[in-house]
Every structure is written in structure tokens, then in C-alpha cells.
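In what follows, a single structure is set out as C-alpha cells and then discussed.
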Amino acid sequence: MSSDLLELTAAQAAGRIAAGELSAAALFAFYRERAAADRAGGEDGLNCFTWVAEGAAADAPAGSLGGVPLAVKDLFCTRGVPSQSGSRILEGYEPPYTATAVERLREAGAPLLAKTNQDEFAMGSSNENSAYGPVRNPWDRSRVPGGSSGGSAAAVAAGLAPWALGTDTGGSIRQPAALCGIVGLKPTYGSVSRYGMIAFASSLDQAGPLTRDVRDAALMLAQMVGQDSCDATSLQFPGEIGVPSAERLDGVRLGVPAELSGEGIEAGVKEAFDRSLEQAAALGAELLDVSLPHAPHALSAYYVLAPAECSSNLARFDGVRYGIRAEGAADLLDMYTRTRHDGFGPEVKRRIMLGTYALSSGYYDAYYGRAQRVRTKIAEDFAAAFEQVDFILTPTAPTVAFALGEKTGDPLAMYLNDYCTVPMSLAGIPAISIPCGLSGGLPVGLQLAGAAFSENKLLDAAHALERALAFDGSPAHV
Ligand code: GLN
């Protein structure tokens, strides 16, 4: 029975519940036990969770998601449940309201199972920046799961949750999905409400699914999209998200940008990527070379813009309103300073300093203004490419999962993880990572990106490729 449940995708589990063959309570109990064991496991566990539900689901309303429990990245506000964004400064913080995305999924029938570990305020690519300890990769416990949604990705890959919610600012859904051998989708900016997501960089942050397969990603996304009066940047998704069913790619034009698929990509990743291109061609797709001439500057622009926005967003953490407050301060300024000194980790401090500098008078135009202009150029590159092709294909990450500790001493090496994912974030376009093979026994991710609001077509193409690639990512064998 147990390994049988583990084999089920979320869609299959929902189907069994709807057919009366499985009770939602039994499914919740099954995953709750697995998640709780990981949480209790200390060094023996993967450290995927910062909180796990106690007992039965608080509420499991009937809905199209059929009672399939959901793991949610720590940075989503969940009423009465710790929401700490991986930071010491928010330790024990229990918000009085729930993020729109989580609320919509709950109303559609997905009860909250657990909160997942993450890099502090979503800044990182390895989950080693969490104040609650690193997460381990279930494929090799000495390696990172990727980040910043590392807990969500590892939990799904290890079968500790049927699916999970993450966020992606520069790659934080796609890169951990790639490193853990699962599917991760960053939707078009604005299609999912950011209300109740503890902000990192507001013009880039997007919520999205981390799932076992492409169908599950579509199923979850369908319930998340839509305008929200609480988020002025949210947009009505044109039409509905359907169930992807394509099996062929006849007539689909796929663009491969040399800038994001050559230099810097590790050999084993490149081999898996090239094999995926062959599969795509065998399915009838037309492969074309495209150019994204400004993409090599995306990382530099991102590491000005994201820290600039974070320095502003994180100004609210001052010991007055949320989380911890330093004791024994001499005066108000001293209290602010000590709280932020004690509450933030080193990467967050680095970003606040970078961002404050980039926004300071005299430097604003040279850094922030210029980075914004590069951002526009990058968006224009994509727009020009989508005149020629339907989707762009790249490896998701330049390497497979690396060893814990390997890059912590070198922030620039860490930032390079996002080389292939950041351009799409800057352009606000949707992109999905699907597992496309193994290199040295570790999963490799394939990224497909499309024009804004092309999610239905993107999911269809990913579905066709997923079938052809036949990656065996079942957690039953991990
Ligand atoms: N790794 C990138 C960063 O550290 C992206 C993070 C994210 O997408 N949240 O900023």
C-alpha cells in the first residue's frame, strides 16, 4: 500500500480519491508521517521542512485537487503557522493571514501539509543560506538540492510530499527542480498573485509548482492563476490552464540560443541537453539557432536589480513589527541595528549592502538605471526570438547538484548557477524545467521558455518531451 501510494502523481491520487478508491484522510496521514519523520530525523533526514502539520488535515475541502496535500515554501504567509522565509529574523512569526496562492489551492482541495526549508529570503542557489540548516539532495545526500526552493524540490523528489509550491525570482523553482530530477514551472510574471509572499525582489518574484510531472504542474497552476485585488501587479490569465496532452511536436519551432547552451555548461549536462534536442527533432520539432545577444549580461543586471529591490523590501525588518527583537539596546537606532545584525545571515547582509549602494544618490543611474536598460534589451531579445520560434530550449543549470559546502566560500561561483534561468526572469516570461536524463547518476534539467502567457502551449510541449525522454524520477526508488 505504502509504496503504491508513493508511485502516484498528484493527479493520479486526486483521481483515486474522486473515484472513492482512496480516502483523502489516508493520503494526508501517509504523507504527514513521512514529512514528520524527515523533520524528526535530524542529521539522518533531508531537513526539507520547517513545520509539519500535526494530526489530520485542518480542513480538506472537496475540490478538483481532490484532497492531495501540499507542501509550501516557508516564505508564503500561512495563518497561524510559522512563516519565516528561512530567516532568523522571522523566527516564530505566525502571520494573521494566508497568501492568495496558498488560499486558492486550499479552496481547490489541497490542504497544507508542511512548510518547506529555503534559502533565507529566497537568496541562494543551494539552500545553504537557510537559518534552519541546509537541505540534502535525495539523489546524493552529500550534495545540495539547489535553491532557493530546495526544501520543496527535495521533498517532492524524495516522496515526502506529493507536490509543492515554490517561488522563483531568478531561477529558484527551475534550478532546484533540475538538481532534484523533478518538474518546476515559473509562470509569466503577474499571472499568480504575490500577495502574502514575503518579498525578495518584487518585480521578479513569482510563485509556481514543483511537481513529479508536467501534468501535475498544469493541475496546480490552473488553480493558482488569476487577478487578485491584493496584488496590483497581478493579471487575469487569458483563458484557462488546460491539461497537457500533446505527444508530438510536429510544426513546433524550437530555438537554441548559443549564448545559453555552450560556454560554461558542464560536459555531462551538455550531453543530456543534446540528446534532448535529438528527441525533440524525432518528435517532429524544427530546431533553429537563435540569438539572445544580451543574455550574457543578464546575471550582472540581475545582481544589481534583485539586491536593489531586496534592500528596499527588507527595510521593514526592524524588530518593531515582526519576528525577533534584540535585547538590551541603548536606544531605538541601536535596537534596529542589533536586530538586523543578529537576525540576518551573511548573504542577506551582502545583498542589502550591494542594493543600498546601487541605489545611493550618485550611483543610482550608473548601476540601477543601467541594469534596467539591460533588462529591457533582454526582453527585446526574447521578443525578437519569438518572432522566429515558439520556444527557447536551454539546459536549466550549468551543472548537476554540487557538494554541500563546495561553493559557499565563493558567491560569484554560486551566482553562476542562475546563468540560464535569470534571463527569463528579467523578461517576465514563463519557463519550465523538466528532467532530461542523468549525468554521473545525477539529474539534469532541460528548460523550455515561451512568450508571456504561453503556458498552455509550453506545458503541452514539455509534456510531449517528458513522454519521449521517459525519465524515471519515481521517489519510490530513491
Ligand atoms: N539564486 C538566485 C539568487 O540567489 C535566484 C533566487 C531566486 O530565484 N529566489 O538570487
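All of the numbers you see were taken from the coordinates with simple rules; none came from a lab. All figures in this text were calculated on a predicted structure; none of them were measured in a lab. Don't worry about glycine lacking a Cβ; one is built from the backbone with ideal geometry, like all the others, and counts go over all protein chains shown.
Think of it as helices only: each DSSP H run of n ≥ 4 in the chain is worth -39500 (n - 2.57), and spread over all residues that comes to -11000 deg cm²/dmol at 222 nm. Here the stretch 296-372 is treated with +1 on each Lys and Arg Cβ and -1 on each Asp and Glu Cβ, and its dipole about the Cα centre works out to around 160 debye. Compared with the rule-of-thumb size 2.2 N^0.38 Å for a compact globular protein, the chain has a Cα radius of gyration ratio of 0.91.
Over all orientations, the stretch 2-250 has a Cα convex hull whose mean projected area works out to 13.0 square nanometres. Couplings for the stretch 398-404, taken from phi via the Karplus curve 6.51 cos²θ - 1.76 cosθ + 1.60 with θ = phi - 60°, read x, 9, 7, 4, 9, 6, 3 Hz in order; Gly and Pro are left as x.
A dipole drawn for the stretch 2-250 from +1 and -1 charges on Cβ atoms has a positive end, and of Ser191, Leu5, Thr78 the residue lying farthest that way is Ser191. Only one residue of Phe344, Gly264, Val135 has its Cα farthest out toward the positive end of the dipole of the chain, where Lys and Arg carry +1 and Asp and Glu -1 on Cβ, and that residue is Phe344. Local charge for Asp231 was computed over the other residues whose Cβ lies under 11 Å away, with Lys and Arg +1 and Asp and Glu -1, and equals -1. Rounded to whole numbers, the Karplus 3J(HN,Hα) couplings from phi for the stretch 15-29 are x, 5, 5, 4, 7, x, 8, 9, 8, 4, 5, 5, 5, 4, 4 Hz, using 6.51 cos²θ - 1.76 cosθ + 1.60 with θ = phi - 60°, and x at Gly and Pro. Mind running the shape call on the stretch 366-478? Use the C-alpha gyration tensor, a ≥ b ≥ c as the square roots of the eigenvalues: rounded below 1.5 for a/c, prolate if a/b tops b/c, oblate otherwise. Oblate shape, in that a/c is at least 1.5 and b/c is the bigger or equal ratio.
Each label point is 7 Å from the Cα along the Cα-to-Cβ direction; what then is the distance between the points at Ala258 and Ala40, in nm? Placing both labels 7 Å beyond Cα along the Cβ direction yields 5.8 nm. Counting neighbouring Cβ atoms within 10 Å and putting the fewest first, the residues Met424, Met335 line up as Met335, Met424.
Summarising the amide proton neighbourhood of Trp163: residues at separation of 5 or more, or on other chains, whose placed amide H is nearer than 5 Å comprise Ala71. With a Förster radius of 35 Å applied to the beta-carbon distance between Arg141 and Glu21, the computed FRET efficiency rounds to 0.55.
Close amide H partners of Arg143, meaning residues 5 or more places away or on another chain with modelled amide H under 5 Å apart, are Asn137, Leu404. Computed about the Cα centre, the dipole magnitude for the stretch 2-250 is approximately 100 debye when only Lys and Arg (+1) and Asp and Glu (-1) carry charge, each at its Cβ.
Applied to the stretch 450-463, the Karplus parametrisation 6.51 cos²θ - 1.76 cosθ + 1.60 on θ = phi - 60° returns per-residue 3J(HN,Hα) values of x, 5, 3, 6, 8, 3, 4, 6, 4, 5, 4, 5, 5, 5 Hz, with x for Gly and Pro.
Spin-label pair Ala330-Ser229: with each label point 7 Å from Cα along the Cα-Cβ axis, the two points sit 5.0 nm from one another. Computed over Cα pairs, the Kirkwood radius of the stretch 247-331 leads via Stokes-Einstein (0.692 mPa s, 37 °C) to a diffusion coefficient of 189 µm² per second. Near Gly437, the amide H atoms lying under 5 Å from its own belong to Val444; only residues 5 or more places off or on other chains count, and H is placed 1.01 Å from N. Dipole orientation for the chain: of the candidates Ser148, Trp51, Leu249, Trp51 has the Cα lying most toward the positive pole (charges on Cβ; Lys, Arg +1; Asp, Glu -1). Global size of the stretch 296-372: 14.5, 48 Å for Rg and Dmax (C-alpha atoms, Rg to one decimal, Dmax whole).
With a simple spin-label model that places each label point 7 Å from the Cα along the Cα-to-Cβ direction, the separation between Tyr363 and Ala282 comes to 5.2 nm. Each Lys and Arg adds +1 at its Cβ and each Asp and Glu adds -1 at its Cβ; summed about the Cα centre, the chain shows a dipole of about 640 debye.
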